[in-house]
Amino acid sequence: MRRVIQDFILAYLRILAKIQLIKIKPEIIGITGSAGKTSTAYAVKTILESKYKTKVSERANSETGIPLNILGLQAQDYSFLDWIRLLVLSPMMIILNWEKYNKYVVEMGVDSPHEPKNMSYLLKIVKPTIGVFLNALPVHTQFFDNLVSEKELEKREKLLKELIAQEKGKLIYSLPENGWAILNADDQFVKEFALKTKTHCVTFGRLGEDLILKNIEKNLSGFKCCFTHNHKDYVIKINDQILSNDYAYTFLAAVAVGLCEGINVNESIHFLEKDFKLPPGRMSLIPGVKKTILIDSSYNASKFTMLETLCTLKEIKGKKKIAILGDMRELGREAKLAHEEVAHKAIESADLIITVGPLMGKYFIPEITKLGFPKDKAFFFESSKKVGKWMKDKILQGGEVILIKGSQNTIFLERVVEDLMENPQDVDNLLCRRGKFWDKKRQKA
């Protein structure tokens, strides 16, 4: 019975969202990948807004989030009464919501090979004419686990990447012949789709043919990436934000979308440098207590993004560095190896490591102990609730750089950021997961 109700709600929202799209008639730009979707969506919006009225599927990349976003609705707490409210309002929005936009930039998240959490289902809601495929990484692998046999464990990561790429790549297969596929040439599983589609292709990355990444520089003052296009050299400089290397791919993908939409490279760079800002919890620089600098990446974490942010921390010179790391969730059988791999990078990057969550305790702490990291420089907490106060009382001496990163499921490291902020009155503007729904979730965790 529960499945019947779920299927009805999904079909109901899907049909209403499609009616709304027919009414508005926007061009749809779909963005998929295992990491970087939200940042890329914001970068694309920054560029397209210079010429077009643009809407982004903000905080919506799923089978329910996308149709609600199209209708102009947002869940408050996902309670029974909240769903009743959404189901009642949804058909009314067909009449009441006349928001006009030329371009709809939609994140397309895939957590499973099965409906409704796969790409095939999302393509029943939206039909992009431009598709951006960022990467295929072993993230959210728990629902792909049973597709890899126990006999194939040695090739497990490669097989998982192939499976994930095939599912996410259905976006590229779905594009019309007069559309555009924008592909990361540095990811072998993504690049292969250039040979599998009849649509126009633009490739980017160090191995790209259209936008060729040459160099990346970053520090606490900002980020710079250099690339070439049509044999001309270009530089993107983002000041006052510390970004990891993967943001070079974010910007090149966004510039590629701009080219497909008639916006030249210099114009795209101008608007990125002028207006690009990351959503909260994604490498935000925040002043901390005792003149510390907080690198708030508490929104979420995978092995790939954890390794990238730790590399960024490692490259910061002249400061004592602290890493506050939470569990990486939804990895299935990959969890042990992922936490151990991150442990190796963490001991290279941080002078002191604080971990939060059972997976960190089970896999990460034993690994750094085995690697010889000093026991008096490594700490473990089951929950993030007391970490901030403990650090202020026992750890911080002043002037440290503190990286905060972990998965969102029950970890909620934004609590630590709030406790360590110099100006905690700014939490609603600077931190992720605000509102009554998330307040309740944090209280239960």
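The values are calculated or read from the model by the stated rules, or taken from the named source; none is laboratory data. Being a predicted model, the structure only gives us computed values, none of them experimental. Cβ placement follows ideal geometry from the backbone for every residue including glycine, while neighbour counts extend to all protein chains displayed.
Let's see how each residue does on (1) over 22 Å from V44 (Cα atoms); (2) of a type outside the set (F, W, Y):
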{"position": "W83", "(1), (2)": "yes, no"}
{"position": "L86", "(1), (2)": "yes, yes"}
{"position": "M93", "(1), (2)": "yes, yes"}
{"position": "L96", "(1), (2)": "yes, yes"}
{"position": "Y104", "(1), (2)": "no, no"}
{"position": "E107", "(1), (2)": "no, yes"}
{"position": "V110", "(1), (2)": "no, yes"}
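Return a yes/no flag: does the stretch 187-198 have any residue that is without any contact (Cβ under 8 Å) to a residue 60 or more places away in the chain and assigned to a strand (DSSP E or B).
The answer is no, given that none of the residues of the stretch 187-198 is without any contact (Cβ under 8 Å) to a residue 60 or more places away in the chain and assigned to a strand (DSSP E or B).
Conditions first: (1) outside any loop (DSSP other than H, G, I, E, B); (2) touching a His at 6+ places or on another chain (Cβ under 8 Å). S34 passes all but one, so which condition is the exception?
With respect to (1) outside any loop (DSSP other than H, G, I, E, B); (2) touching a His at 6+ places or on another chain (Cβ under 8 Å), S34 is out only on (1).
Just the residues that are of a type outside the set (A, V, I, L, M) and not in a helix (DSSP H, G or I), please, taken from the stretch 252-276.
The answer is E261, G262, N264, F276.
Go through L310, L259, L285, L294 for me and flag whichever is among the aliphatic types (A, V, I, L, M) and modelled with pLDDT under 95.
Every option except L285 fails the conditions.
Kindly provide the set of residues from the stretch 310-334 that are out of contact with any Leu (no Cβ under 6 Å at 6 or more places or on another chain) and part of a helix (DSSP H, G or I), ordered by number.
L310, C311, T312, K314, E315, G332, R333, E334
When the residues of the stretch 235-253 are narrowed to those that are touching a Ser or Thr at 6+ places or on another chain (Cβ under 6 Å) and either at pLDDT 95 or above or among the basic types (K, R) (or both), which ends up surrounded by the most Cβ atoms within 10 Å (Cβ to Cβ)?
Result: A253.
Being outside any loop (DSSP other than H, G, I, E, B) and out of contact with any helix residue (DSSP H, G or I) (no Cβ under 7 Å at 6 or more places or on another chain) is the filter here; which residues of the stretch 277-286 pass it?
L285
Quick one: which residue in I29, I70, I66 is outside any helix (DSSP H, G or I), of a type outside the set (D, E, K, R) and under 24 Å from the mean Cα position of the chain (by Cα)?
Going through I29, I70, I66 in turn, just one is outside any helix (DSSP H, G or I), of a type outside the set (D, E, K, R) and under 24 Å from the mean Cα position of the chain (by Cα): I29.
I'd like to check which helices (runs of 4 or more DSSP H) are fully inside the stretch 349-445 and have at least 1 residues that are at pLDDT 95 or above, more than 25 Å from the chain's Cα centre (by Cα) and not acidic (D, E).
365-370, 387-390
Scan S90, S34, S79, S50 and give me the residue that is buried (at least 18 other Cβ atoms within 10 Å of the Cβ) and within 26 Å of the chain's Cα centre (by Cα).
Selected residue: S34, the only one of S90, S34, S79, S50 that is buried (at least 18 other Cβ atoms within 10 Å of the Cβ) and within 26 Å of the chain's Cα centre (by Cα).
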